[in-house]
Amino acid sequence: MTERRAGLAFFERAVTLHRADCAALDAAPRFAADGFGPAERMAAEARLSAYAAAAEPVFDACRRLIGQLAGLLILVRASGRREVLDLPDLPIAEERWRAAGERLAGLAAPGGLAAHRARLEAAWRLIGEGLASIRRFGERAGGEAAIDRAADEIAAAYRALKTASDAEAGLAMVDLRQACCACMVQPAGARETTRRE
Amino acid sequence: MADYSIWVLEYSFVTNYHKSGVLYGAHNQGYVKLPYCYALIKGNGRVAMVDVGYNDKDYGKVLGDRFGVENWRSPEVVLGGIGLKPADVDTVFVTHAHFDHFGNVEDFPNATFYIQEREIAKWAWAMSLPDRMRWMMTAVDPGDIVRGLDLARQRRLVTVDGARAEVLPGIDLHAAFDSHTYGSMWVTVRNDRQAQSSDSWVLAGDLVYVFDNIEGPGGAVDVADPIYVPVGLAVGSQTNLVLATEEMMKQVGYEARRVIPIHEERLRDRFPSRITADGLRITEICLADGEPSRVS
């Protein structure tokens, strides 16, 4: 999963904390190994591999929860389908969120990786707040403000999660491997400069 | 008399795409070039797009490095090729929610977006499924759904349930449920505004990638005539893709050239086209009365 290029640069970025809406985080951090000697580099890569593998289920759960909840809120907002919040989808989301929290609690983040873990935790926490707002909408008739608040919280969770994404490390916001248009790893030597008439 | 001009605008391309992705069953038949395009419809004082492409800031590097997608250009540059700006676009028809069709809504600040309600509902459902079923949410970016929610809050997202006639004068939306995606949609332009039009164009989204999806090699099933061969990827079924193709063909009186596949490189062989200074193609499908050509 994690490429061998993972390493020091990621550690350096990971120790800098930003607010979830900070423009400095628009570009997601890359896992990359620079500036190490060979032995240090291998150790750093091993730590990163282990961390990325353990973080991936939490990252993926957050990614899917954000998409699922945003989709349900679109149906409420644009389609007037308030009944979707009474379907089993919401309890399923709550269960996935709870399970992700348990994984997160057990996620060891050595050294500078603590900051990356903090980004994951911020996304997870914001999703939880979004779920709570959606529940409040269901409990009080006409609670439009709760839906707006939930939308803000899910959008903030997305921004936070994006700062923790790195496709090379298996933490990608969108799975392109089987997608319709971009969906194959290029064969060796297949890529050439294209000349157009 | 023609009300609308239609152009297909290339915004990026992948040089070597496996043929089996665009044509069902074409295994081990090599690679084809796959242009990424959106369509623009202009007329009656309106500017409408069919899909909006993707935002290179989010996906460009991984698409370039891992999938060989090249030469992305922004809507500002691409629409500039026909003398328009993204801010001129007032309507967008989103054929489906894959990242390369729904992935750049922010670049169109004045547009109202139309998408099938089922497309949103079923992707939300797919994201709730167990991890072992995650294939069913492939190529959908949760970020696009979040941005769609923002559009909904601004009252700029309209969800459509099935077919809708006259969404703009002479323009109809049609659904192809459980086909390429759960709530795929195509756009029919009746350019003479007649209910039984003799001048219809179908903008097929990803329900048809290439000409061979409509005029495929019949030899594969031992018939001499061309047959419909569906695209390679369907989260629904290839059967539903074939049924949608038949419906599209009915709408254009079985004149295959009037069903426009936006991933087809050979559009330039059928319609007037030019290559821009950026190396991207503009194809002119038709011109409204009085509209000057942008390719000659």
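The values are calculated or read from the model by the stated rules, or taken from the named source; none is laboratory data. All of these numbers come straight from a predicted model, not from anything done at the bench. Cβ atoms come from the backbone with ideal geometry, glycine included; neighbour counts cover every protein chain shown.
The residue that is farthest from the other protein chains (Cβ to nearest Cβ), counting only those in region B:1-15 that are surrounded by fewer than 24 Cβ atoms within 10 Å (Cβ to Cβ) and farther than 21 Å from B:THR276 by Cα, is B:MET1. May I ask you to verify whether B:PHE113 is surrounded by fewer than 24 Cβ atoms within 10 Å (Cβ to Cβ) and within 14 Å of another protein chain (Cβ to nearest Cβ)? So B:PHE113 passes the test. Restrict the check to region B:73-82 and report whether at least one residue is over 21 Å from B:VAL259 (Cβ atoms), in contact with a His (Cβ under 7 Å, 6 or more places away or on another chain) and among the polar types (S, T, N, Q). No, region B:73-82 contains no residue that is over 21 Å from B:VAL259 (Cβ atoms), in contact with a His (Cβ under 7 Å, 6 or more places away or on another chain) and among the polar types (S, T, N, Q). Here B:GLU284 clears all of (1) under 22 Å from B:THR95 (Cα atoms); (2) of a type outside the set (Phe, Trp, Tyr); (3) in a helix (DSSP H, G or I) except the condition numbered (3). Of the residues making up region A:125-146, those that are at pLDDT 90 or above and either touching a strand residue (DSSP E or B) at 6+ places or on another chain (Cβ under 9 Å) or away from every other protein chain (no Cβ under 14 Å) (or both) are A:ARG125, A:GLY128, A:GLU129, A:ALA132. If you check A:SER79, A:SER49 for being touching a strand residue (DSSP E or B) at 6+ places or on another chain (Cβ under 6 Å) and either modelled with pLDDT under 95 or closer than 13 Å to B:TRP123 by Cβ (or both), only one passes: A:SER79. Say whether the condition of being touching a residue at least 12 places away in the same chain (Cβ under 8 Å), more than 14 Å from chain A (Cβ to nearest Cβ) and not in a strand (DSSP E or B) is met by at least one residue in region B:147-161. No. If I filter region B:211-223 for residues that are of a type in the set (Val, Ile, Thr) and in contact (Cβ under 8 Å) with a residue 60 or more places away in the chain, do I get at least one hit? No, because not a single residue in region B:211-223 is of a type in the set (Val, Ile, Thr) and in contact (Cβ under 8 Å) with a residue 60 or more places away in the chain. Looking only at residues of region B:163-195 that are of a type in the set (Asp, Glu) and in contact (Cβ under 8 Å) with a residue 12 or more places away in the chain, we find that the one that is surrounded by the fewest Cβ atoms within 10 Å (Cβ to Cβ) is B:ASP192.
Scan region B:27-50 for residues that are more than 11 Å from every other protein chain (Cβ to nearest Cβ) and closer than 22 Å to B:VAL105 by Cα and the total you get is 12.
Within region B:196-210, residues that are under 24 Å from B:ALA288 (Cβ atoms) sit with their Cβ atoms under 6 Å from residues that are basic (Lys, Arg), at 6+ positions apart or across chains, in these pairs: B:SER197/B:ARG190; B:SER200/B:ARG190; B:TRP201/B:ARG258. From the list A:ARG149, A:ARG119, A:ARG103, the lone residue that is touching a Ser or Thr at 6+ places or on another chain (Cβ under 8 Å), more than 11 Å from chain B (Cβ to nearest Cβ) and in contact (Cβ under 8 Å) with a residue 40 or more places away in the chain is A:ARG119. Please work out if B:ASP144 is among the charged types (D, E, K, R) and closer than 13 Å to B:ARG118 by Cα. Criteria not met by B:ASP144. Name the residues in region B:64-91 that are more than 10 Å from every other protein chain (Cβ to nearest Cβ) and not in a helix (DSSP H, G or I), would you? If the condition is that a residue be more than 10 Å from every other protein chain (Cβ to nearest Cβ) and not in a helix (DSSP H, G or I), then B:TRP72, B:ARG73, B:SER74, B:GLY81, B:ILE82, B:GLY83, B:LEU84, B:LYS85, B:VAL89, B:ASP90, B:THR91 are the ones that fit. For region B:206-237, the candidate set comprises residues that are in a helix (DSSP H, G or I), at pLDDT 85 or above and out of contact with any Phe, Trp or Tyr (no Cβ under 9 Å at 6 or more places or on another chain); within that set, the residue that is farthest from B:GLU265 (Cα to Cα) is B:ASP212. Taken over region B:275-296, residues that are within 20 Å of B:GLY53 (Cα to Cα) and in contact with a strand residue (DSSP E or B) (Cβ under 6 Å, 6 or more places away or on another chain) amount to 7. The set of residues from region B:195-205 being part of a strand (DSSP E or B) and not β-branched (Val, Ile, Thr) comprises B:SER200, B:TRP201, B:LEU203.
The C-beta contact set for region B:68-93 (first residue on the phi > 0 side of the Ramachandran plot, second residue surrounded by fewer than 21 Cβ atoms within 10 Å (Cβ to Cβ) and of a type in the set (Gly, Ala, Ser), distance under 9 angstrom, 6+ apart or interchain) comprises B:GLY68/A:ALA190; B:ASN71/B:GLY279.
How many residues does region B:109-143 hold that are in a helix (DSSP H, G or I), over 21 Å from A:GLU94 (Cα atoms) and of a type outside the set (D, E, K, R)?
So the answer is 1.
Inclusion of B:ALA224 among residues that are crowded, with 16+ Cβ neighbours inside 10 Å, farther than 23 Å from B:TYR4 by Cβ and either in contact with a Ser or Thr (Cβ under 9 Å, 6 or more places away or on another chain) or of a type outside the set (Ser, Thr, Tyr) (or both) is not warranted. Kindly indicate the residue of region B:116-136 that is of a type in the set (D, E, K, R) and more than 30 Å from B:PRO75 (Cβ to Cβ) and also surrounded by the most Cβ atoms within 10 Å (Cβ to Cβ) among those meeting that condition. Step by step, filter region B:116-136, then rank; the result is B:ARG134. Among the residues of region B:177-194, those that are within 14 Å of another protein chain (Cβ to nearest Cβ) and assigned to a strand (DSSP E or B) comprise B:GLY183, B:SER184. Kindly check whether there is at least one residue in region B:52-63 that is closer than 23 Å to B:ASP278 by Cα, away from chain A (no Cβ under 12 Å) and surrounded by 24 or more Cβ atoms within 10 Å (Cβ to Cβ). There is at least one residue in region B:52-63 that is closer than 23 Å to B:ASP278 by Cα, away from chain A (no Cβ under 12 Å) and surrounded by 24 or more Cβ atoms within 10 Å (Cβ to Cβ).
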